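Notes follow once the structure below has been shown.
The values are calculated or read from the model by the stated rules, or taken from the named source; none is laboratory data. From a predicted model like this one, the values you see are computed outputs, not experimental measurements. Here the Cβ positions follow ideal geometry from the backbone for every residue, glycine too, while neighbour counts run over all protein chains shown. Remember, those area values only see protein heavy atoms, side chains included, never the ligands or the DNA or RNA. Shrake-Rupley method; radii C 1.70, N 1.55, O 1.52, S 1.80 Å.
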Amino acid sequence: MPNDAPTRFGTYGDPPSAKALRERLVDRVVALGVHDPRVLAVMREVPRHWFVPEHDLERAYGDHPLAIGHDATISQPSLVALMSEALALSGRERVLEIGTGSGYQAAVLCRLARHVHTVEVVPELARRAASTLRALGCKNVDVHTGDGWAGWPAAAPYDRVVVTAAPEVLPPALLDQLVDGGLLVVPVGSQAHDQRLERWRKVGESLYKQDLGAVRFVPMVHAPPSPRP
Ligand code: SAH
């Protein structure tokens, strides 16, 4: 039988060793200060190793980002947990994610919210993430290829918006597409070493910002303009 390892991304199985590694990861996430029981339950459940090109389970469940090609990374799992908690999800929300990457954050969100729209600028990553999310049975996620600077107006407004690539300034379209009372979680900063994770709450015409600490994400790129007809 031909060895399909190079073309297969992740391993669509879930051995007890992977479950044990997720327990260890959740212990670390708790030690780092994430306590939302729904977030912790989902972190125990979602097979992160399906989303990484890494056949070593220990590395797949380490608390660090991993390269997934196209200059993208799957975020550090404790940061996925922190951002998911910061979104304060009850299960009823419609969520917009910018920066699908591997699809792992979207898989976590789809179990915590009613519906997730996720936008990825690299078509190949969007395709791969959509297929992993399908394999996982995430039916309430739509993966779109596009430039996240514009948000995803077709399905706006959203109760929550989360950005997993760092823009140098807050993209105005994302605030526009947020409902009154909605939350936006975004790492902002032009340099990798001075990004801050910000949580914005929109209340009527007012915006309230909370600083959630220093982070490091890949930059949010400006997509090339689409060719003129
Ligand atoms: N949430 C991802 C991690 C994403 S890494 C996960 O769970 O795996 C950041 C991603 O943002 C990369 O895939 C990158 O291609 C994408 N990205 C960068 N700029 C973007 C833009 N302008 N619009 C949409 N996606 C963008």
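Taken as a whole, the range 200-210 holds at least one residue that is surrounded by 12 or more Cβ atoms within 10 Å (Cβ to Cβ) and closer than 17 Å to residue 79 by Cα. Quick check on my filter: what residues within the range 157-171 are open to solvent by 40 Å² or more (accessible area, probe 1.4 Å) and touching a helix residue (DSSP H, G or I) at 6+ places or on another chain (Cβ under 9 Å)? 157, the sole residue that qualifies.
Checking every residue in the range 72-88 against the condition of being of a type in the set (D, E, K, R) and closer than 20 Å to residue 138 by Cα gives at least one match. Residue 84 meets the conditions (1) away from the ligand (no atom under 12 Å from the Cβ); (2) open to solvent by less than 10 Å² (accessible area, probe 1.4 Å) in every case but one. The failed one is (1).
Here's the yes/no breakdown for (1) among the small types (Gly, Ala, Ser); (2) within 13 Å of the ligand (Cβ to nearest atom); (3) in a strand (DSSP E or B); (4) over 16 Å from residue 213 (Cα atoms):
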| position | (1), (2), (3), (4) |
| --- | --- |
| 175 | no, no, no, yes |
| 181 | yes, no, yes, yes |
| 184 | no, no, yes, no |
| 187 | no, yes, yes, no |
| 190 | yes, no, no, no |
| 193 | no, no, no, no |
| 197 | no, no, yes, no |
| 200 | no, no, yes, no |
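In the range 46-59, the qualifying residues are those that are under 16 Å from the mean Cα position of the chain (by Cα) and touching a residue at least 40 places away in the same chain (Cβ under 8 Å), and the one that is nearest to residue 110 (Cα to Cα) is 46. Open to solvent by 10 Å² or more (accessible area, probe 1.4 Å) and within 22 Å of residue 201 (Cβ to Cβ), is that true of residue 59? No. Selection of the range 126-140 for residues being part of a helix (DSSP H, G or I), touching a residue at least 60 places away in the same chain (Cβ under 8 Å) and farther than 10 Å from residue 102 by Cα yields only 135. Filtered by the rule that a residue be open to solvent by less than 10 Å² (accessible area, probe 1.4 Å) and near the ligand (Cβ under 8 Å from one of its atoms), the range 69-81 gives 74, 80. Selection over the range 190-199 of residues that are of a type outside the set (D, E, K, R) and exposed (fewer than 15 other Cβ atoms within 10 Å of the Cβ) gives a count of 4.
Looking across the range 99-152, just one residue is among the polar types (S, T, N, Q), surrounded by fewer than 20 Cβ atoms within 10 Å (Cβ to Cβ) and within 12 Å of the ligand (Cβ to nearest atom), and that is 145.
Highlighted here are the helices (runs of 4 or more DSSP H) found entirely within the range 1-112 that include at least 2 residues which are at pLDDT 95 or above: 16-31, 37-45, 77-86, 104-110. Annotation: residue 93 fulfils all but one of (1) acidic (Asp, Glu); (2) without any contact (Cβ under 8 Å) to a residue 60 or more places away in the chain; (3) more than 12 Å from the ligand (Cβ to nearest atom); (4) open to solvent by less than 40 Å² (accessible area, probe 1.4 Å); the unmet one is (2).
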